[in-house]
Each structure stands twice: as structure tokens, then as C-alpha cells.
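Below is one structure, written out as C-alpha cells; comments come after it.
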Amino acid sequence: MKHLTKTNENIYGDEAPIAAVATTPGNSALTLIRCSGNGCIESVSSVFKSSKIKTLCEEKGNTVIHGWIVNKEKEKIDEVLISVFRSPKSYTGEDSLDICCHGGYVVAEAVMTVLKTAGLRNALPGEFTFRAFMNGKIDLTRSESVMELVCAKTNKGRQHALRRLSGSLEKEISNIKELLVQVLASTEIFLDYSEDEISADGDEIAGKLPNKEIALSAMDSLKKLSASWQFERLYQEGVVIVIAGRPNAGKSSLFNALLKEDRSIVTEVPGTTRDWIEAQISANGIPTRLIDTAGLRDSNDAVEKIGVERTHKILEEADIILYLIDGTQGATEEDIKFIEHYDSSRNYKKTILILKSKSDLDNFIKVSENEKNMILYHTIISFSAKTSDGLEEIFSQIDIEVKAQAGDEEFSISLGTARQKKLVDSALHSLEEVLSLSYKEEPLDIIAPFIREAVNSLGEITGEVSTADILEEMFSKFCVGK
């Protein structure tokens, strides 16, 4: 394996035995410590004692051994189960061990200390997955999907990452690359032979791209992959929904109702919420950041003024605004002004849903004078946080709007990272240049380099073409122990 880079005393790309805690530190029933690299089984064997075997080195792959981790003084550190994996049948492709010890930070630290004395070093972030890639166990798209899976915020996000981990994206990229290689090969055949050897009149050379239909098919597939990133990014980054309105309009009550728990303080005193509070929910499988904000009004209270200023800043980040009208007062001039502002300045990235609260109260106003014109352009949903009337309709409308953010098309194969998106767009740009030059009947020796660029961009996505800097940058963002 080629050495790539050196960070302090640790090196990405060496074959030294490494170890890292692969589970979240803290109180738990069990902790998993992962070990890998040349000589790791021999090293761990020197600090492992078991009544079942003489030495860990004798064990075959895919076996589990019970015993004790001991220090140099033969003092027992912890009772453990060790899973043995022999090269190449392991996650990294190297000899590997998974040490299952008791949970807790102190136990894990004690075991790690003993492993270091046995010759294992601390693993770098993502070094196990890096070694799996370098040893040909997985390509770069699957490597990236490992962290996507770990960081998934919703079940749909998990499913999408799992598809990429299973190889769906790798297969699609390879299929497109194969098409472009056909186009490149046939183009270079024309360049390698004289016109007379190929065609009597030479028409096949000038302005004629061989296998143009294949190139067009590859371009269509690249366009679809490029479009999938906006869809996939929503499942990773999510959307921001901000609840806004005048003081005492019922914002905190709606926030609690949508969460189905009491998070915001609810009182009849206007201005109770002085700052924003947020929570994570799932809307249509998309991670959603729900924010309850301070009431919008002019105030002499210094603290409340700061809260209102922060509300305006958060509204700029919002993808969807839930604007509440107090149902016992009806829409006021302030409400109309707010709604008109976001209607006139709409950039088609923000959506405003108008909700009317307190529908359970006797003095609820069904339609105020100010609302008669409003209902011509907006659907107003009346609801009661107390009785839950109208909440189902709000949930449904939120799901519709969130799904609209992702677009109408569902993608069975989608890009998982901005890196992949950049390289797909690069390949697409090169291919568009190829076809443009072909339509202009430019010579094939000018066109061929652009086909190679497209092929290389696709190769970089899967890791067939890569550099040390790119690999270090990518894997350094992984968790330690992955």
C-alpha cells in the first residue's frame, strides 16, 4: 500500500496495526474497539489470555474467543470477547480484530492504553474505511456512503445511503463510463488510421462523432444523476420551517402540538417567547428543523426587541414559514403587511402557509374583513392546538410543501455528496462540449480530449482516478473508528 501523507507521527496509507473505539464513549453495556493492520493479531495476542486457547495467533478467521485483556504485569484489565478476521476476508482487507469489552469511558481507555503498549497506534479519522478502499474492498462512493449512513437523520435518508453502500451508484457510474469508453475507443480508432483505410471519401472523419447515440445516452444519464443531488441533499440537510406571527397568536402552542410534547412555554401573556427555540422532526421522510420564534411587534422592551430582530434573521433562512393569525382577532394590518412582503419578495424557495389559531374558542372569527381578499390567493387553515382540530390538515400541507422542495421526481439512484455532484457536472460539461464540437464538424483530434476528461471525471467519483490530497481530505472528515 502506498504511503499518502503524514500527520504528526501517524500516516494514512501505512500498514501499521491501528486501534480505535468504534462506539460512542460513555456509559453503556458494551464498547467495541476495532483493530486492524499487519501484525495486529500477534500484538493483541501478547496482551490477551484465555483458558480456551494458548494464543490468539492460532485462531482462524470468523471466530469469537472469550478471555481477558491483561497488562504487562499480567493484571486483568477487562473481560472481553474478541472476533477474529483474517485477510482478505475482513472490512479493511487486512488481519483485523473486534474487541467487545464492558461499556464506560474508563474501561475503554484502559484497554486502549494496553493496546498501545502492545504496539498498536491510534487510528486516524476514517482510517479503517480508507484501508478498505485502498485494498479494493469498496470504491469511493461506498466509502462515502458509510458516513452518510452514520449521519442519516431520517429513515428515508438511511435507505438512500444504504442503496449507495450496496453499490447502486457505483454500478450506474461504471455503466455510464463504459458507454463513454466505447465512444472514446471508436474515436481513437479513426485517429489511429488514415482516412483511406477507413473510408473512401473520408466522410467518417470530418464532423462525424462515432457512436454519437451512445454519447447522447450517456449525457441523459449524467443529467439525471446531476438533478438527483438537489433531491438527495434535502434528505441529508433537511428544510427549515419557521413559525411566525404576532405575540399571543398561538405559535408556541402550535410548536408543542407539532412536536406532541411541551417544549415552549405557553401563557396568555403576549411576548412570553423572547428568543427562538427549535427541534428536529421528520416531514415526509425529510429531516426538518422546526423553529418557534418571538412574536413580531414593535416593543420598548430591550430583550423582546432582540428576540424580534433574531426572528427576522431566522425568517431569511426559512424554506417554509407557518404564519399564525390570532383567530379571536382576525387578520390585522400587521398580518397583511407581513404576508404581502413575503408574497412580493418570494424567490420561489420560500413557501408561506397561513394558519388561523384558536378555532375552539367562542369568539373565534371565521372570516374578518382583512381576510376576504386574502382568501382569494391563499388557503387559510383554521386549527385548535387544544382540541387538535385542523392539525392533521397542517401536517398534510407541511408534507406536501416539503416534498415539493425535493421536486416531483423520485430517484432510485442518487448522488450522495457534493464531491460526486461536482465531478458528474464536470463530466457532463465535457460531454456537452464533445457534442457541440461534433455539431460544428470540428476534427476528432480536438474532440477526443474532452471525451477523456469525462471518463476521468467519472473515474474520480469511484476512486479509479484519485490523488493523495483528495483522499486525505475525504477520509479525514470521517469518525474515528470508521
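The values are calculated or read from the model by the stated rules, or taken from the named source; none is laboratory data. Treat the numbers as computed from the prediction; the structure is a model and nothing was measured. Cβ coordinates were reconstructed from backbone atoms using ideal geometry, including for glycine residues, and neighbour counts include every protein chain displayed.
Things worth noting here:
- Test: residue in the range 117-124 that is within 25 Å of the chain's Cα centre (by Cα), closer than 23 Å to ASN27 by Cα and crowded, with 21+ Cβ neighbours inside 10 Å: yes
- Of the helices (runs of 4 or more DSSP H) lying entirely inside the range 84-174, those containing at least 2 residues that are polar (S, T, N, Q) and out of contact with any Leu (no Cβ under 7 Å at 6 or more places or on another chain) span 105-117, 155-165.
- Contact map, the range 32-55: residues that are buried (at least 21 other Cβ atoms within 10 Å of the Cβ) paired with residues that are part of a strand (DSSP E or B) and aromatic (Phe, Trp, Tyr), Cβ distance under 8 Å, separation 6+ or inter-chain. Pairs shown: PHE48/TRP68.
- Taken over the range 368-396, residues that are surrounded by 14 or more Cβ atoms within 10 Å (Cβ to Cβ), assigned to a loop (DSSP other than H, G, I, E, B) and more than 39 Å from the chain's Cα centre (by Cα) amount to 2.
- Filtered residue count, the range 32-66, keeping only those that are outside any helix (DSSP H, G or I) and either acidic (Asp, Glu) or modelled with pLDDT under 90 (or both): 6
- Per-region count, the range 88-110, residues among the hydrophobic types (A, V, I, L, M, F, W, C) and buried (at least 22 other Cβ atoms within 10 Å of the Cβ): 4
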